[in-house]
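Following: one structure in structure tokens, then a few remarks.
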Amino acid sequence: MSTGAIVVGVDGTTAGVRALSWAMDEAVLRGAPLHVVNVWNYEPLADWAMTSEQEARGRSEATVENALRTVAVGRTQFPQIFRMCVRGSAAEALEEQARGAALLVVAAHTGGGLRRVVLGSTTAHCVRHSSAPVVVLPPPGESERRAVGVESGEGVR
């Protein structure tokens, strides 16, 4: 990991895309490289889906590419981007990828009850264990969720 890089975790969710967008803006502002990380896992005896290790890695690569395409819309400036698909535990892989980085960017996910009070396990692990400063993007506010239909899964109201 190069010193000064910004590391961001993406997971195929809207929250992950928001984290990537914020991290990309910050990388452009700082003139820093951006490391876009998706963590994947493959356990042939535990996974019920009929899939191969190559397919699991391919889905990880597609997750990174889809997030980058989404965030690229309307942008005129981009940092140097490194795509990283890492096998393992998301929390530990992000912690490892952030060693020597300027920032680790992760997103909190929306959820009910306790999940809204306590950070998700990956985010909480990163906050507690990362050697780099961690930026946690909160879930969208109530008005933002309604505007994009996140709360109900519907379109714009």
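The values are calculated or read from the model by the stated rules, or taken from the named source; none is laboratory data. Not measured: the values here are computed from a predicted model. Glycine also receives a Cβ, built like all others from the backbone with ideal geometry; neighbour counts cover every protein chain displayed.
Table for the structure above
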read-out: Sole residue being under 18 Å from VAL105 (Cβ atoms) and modelled with pLDDT of 95 or more, chosen from THR13, THR76, THR3, THR63; value: THR63
read-out: Criterion: over 19 Å from VAL7 (Cβ atoms), out of contact with any Gly (no Cβ under 6 Å at 6 or more places or on another chain) and touching a residue at least 40 places away in the same chain (Cβ under 8 Å) - qualifying residue of ARG99, ARG75, ARG83; value: ARG75
read-out: Residue that is surrounded by the fewest Cβ atoms within 10 Å (Cβ to Cβ) [pool: residues in the range 53-72 that are more than 16 Å from GLY16 (Cβ to Cβ) and not charged (D, E, K, R)]; value: GLN54
